[in-house]
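Asks: Shown below is the structure under consideration.
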Amino acid sequence: MTMAIVQANRVSVDFSGFKALNKVNFYMDTGELRFLIGPNGAGKTTLLDVICGKVKPTEGEVLFGDNIDIGKLSEYRIARCGVSRKFQTPSIFENLTVLENMELSLKSGRGLVSSCFRKPDSAARDRIHAVLRNVDLDEKADQKAGYLSHGEKQWLEIAMTIMQEPKLLLVDEPVAGMTGRERNRTGEILMEIAEERSVLVVEHDMNFVKRFAKTVTVLHEGRVLCEGTFEEVSNDPTVIDVYLGRGGEAENAFH
């Protein structure tokens, strides 16, 4: 039986009376690529916030890996357990080269200042270049990150996150603003990452979800509405009503 990488049990988040999450039960297997979808305000990003420790649950528990209750831990300690977060907007050092960004992201006990002055050993350099090859950036290792395209900046941050060796990678709307080619390559990169670790993705682009998702969880008004394959959730009458009920926001989302 596959062990869960993360499990939320009756998790609620209350912001001054507003239930961003309302008794959510969520289970994700180790080695799984899972997509979270739902209308704006459904609770998708809040669930990621809870898993990474940015937001603490008002009630319920969040178990990670070998039943570690991360709902009570700080963001730093959750990261040390193996949870990494990739936000929608790339967070890279644009005035540094791609290689220098990767060197700063190396998992170590050193602080930022010491990392700047201590060069990685040969094994670390080999790993950096291997990860850069996986995201099509090895040939741009000596280029300043600020000159990368939007999609390439997203790939660089994904690569930097992978250098932290996470067990679970949380990714928030990775293909927003990308070209069609970049969207397709991003999906391939996420699938490749999921061969070695678990990946949880929040995404609004239904064509992207349709192409790359195996399992989809639909959130609505802070609750899990349904789960299944893309075909199953896209044909669920309640899911269709939820999307169509938001002013036609996703009228053609599933087609």
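The values are calculated or read from the model by the stated rules, or taken from the named source; none is laboratory data. For clarity, every value in this text was computed on a predicted model and none was experimentally measured. Glycine gets a Cβ as well: all are built from the backbone with ideal geometry, and neighbour counts include every protein chain shown.
Asks: If you take the residues of region 34-76 that are aromatic (Phe, Trp, Tyr) and either modelled with pLDDT of 95 or more or in contact with a helix residue (DSSP H, G or I) (Cβ under 7 Å, 6 or more places away or on another chain) (or both), which of them is farthest from residue 228 (Cα to Cα)? So that I can check it myself, show each step before the final result.
Replies: Narrowing region 34-76 to residues aromatic (Phe, Trp, Tyr): 35, 64, 76.
With either modelled with pLDDT of 95 or more or in contact with a helix residue (DSSP H, G or I) (Cβ under 7 Å, 6 or more places away or on another chain) (or both) added as a condition, the list becomes 35, 64.
Values: 35: 10, 64: 22 Å.
Across region 34-76, the extreme among qualifying residues is 64.
Asks: Right, something else. If you check every pair at least six apart or on different chains, which have Cβ atoms under 7 Å apart with a residue in region 65-86 that is assigned by TED's automatic domain parsing to the domain that holds residue 6 and over 21 Å from residue 190 (Cα atoms) first and a residue that is in a loop (DSSP other than H, G, I, E, B) and not small (Gly, Ala, Ser) second?
Replies: 71/56; 71/57; 75/54
Asks: Among the numbered criteria (1) closer than 29 Å to residue 47 by Cβ; (2) modelled with pLDDT under 95; (3) surrounded by 15 or more Cβ atoms within 10 Å (Cβ to Cβ), which one does residue 83 miss?
Replies: Of the numbered conditions (1) closer than 29 Å to residue 47 by Cβ; (2) modelled with pLDDT under 95; (3) surrounded by 15 or more Cβ atoms within 10 Å (Cβ to Cβ), the odd one out for residue 83 is (2).
Asks: Sticking with this one: Output the residue which, of all residues in region 87-100 that are among the β-branched types (Val, Ile, Thr) and touching a residue at least 12 places away in the same chain (Cβ under 8 Å), is surrounded by the fewest Cβ atoms within 10 Å (Cβ to Cβ).
Replies: Here the answer is 97.
Yes/no matrix, rows are residues, columns are (1) assigned by TED's automatic domain parsing to the domain that holds residue 240; (2) among the polar types (S, T, N, Q); (3) closer than 28 Å to residue 80 by Cβ:
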{"site": "151", "(1), (2), (3)": "no, no, no"}
{"site": "172", "(1), (2), (3)": "yes, no, yes"}
{"site": "175", "(1), (2), (3)": "yes, no, no"}
{"site": "181", "(1), (2), (3)": "yes, no, no"}
{"site": "189", "(1), (2), (3)": "yes, no, yes"}
{"site": "204", "(1), (2), (3)": "yes, no, no"}
{"site": "217", "(1), (2), (3)": "yes, yes, yes"}
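Asks: Show the residue pairs meeting these rules: Cβ distance below 8 Å; 6+ apart or different chains; first residue within region 179-201 and surrounded by 15 or more Cβ atoms within 10 Å (Cβ to Cβ); second residue hydroxyl-bearing (Ser, Thr, Tyr).
Replies: Pairs that qualify, where the first residue is surrounded by 15 or more Cβ atoms within 10 Å (Cβ to Cβ) and the partner is hydroxyl-bearing (Ser, Thr, Tyr), are 182/149; 198/30.
Asks: Within region 139-158, work out how many residues are over 21 Å from the mean Cα position of the chain (by Cα) and among the aromatic types (Phe, Trp, Tyr).
Replies: Total meeting the criteria: 1.
Asks: Report the residue count in region 72-87 for those that are part of a helix (DSSP H, G or I), under 23 Å from residue 196 (Cβ atoms) and of a type outside the set (Lys, Arg).
Replies: The number of residues fulfilling the criteria is 3.
Asks: A follow-up question, please. Within region 11-52, work out how many residues are charged (D, E, K, R) and under 16 Å from residue 218 (Cα atoms).
Replies: Adding up the residues that qualify gives 3.
Asks: Next question, about the same structure. Tell me whether region 60-71 contains one or more residues that are within 16 Å of the chain's Cα centre (by Cα) and either buried (at least 21 other Cβ atoms within 10 Å of the Cβ) or outside any strand (DSSP E or B) (or both).
Replies: In the first step, residues of region 60-71 are kept if they are within 16 Å of the chain's Cα centre (by Cα); the result is 64.
Next cut, either buried (at least 21 other Cβ atoms within 10 Å of the Cβ) or outside any strand (DSSP E or B) (or both) only: 64.
Yes, region 60-71 contains at least one residue that is within 16 Å of the chain's Cα centre (by Cα) and either buried (at least 21 other Cβ atoms within 10 Å of the Cβ) or outside any strand (DSSP E or B) (or both).
Asks: Something else about it: Among the numbered conditions (1) at pLDDT 95 or above; (2) in a loop (DSSP other than H, G, I, E, B), tell me where residue 250 comes up short.
Replies: Condition (1) is where residue 250 drops out.
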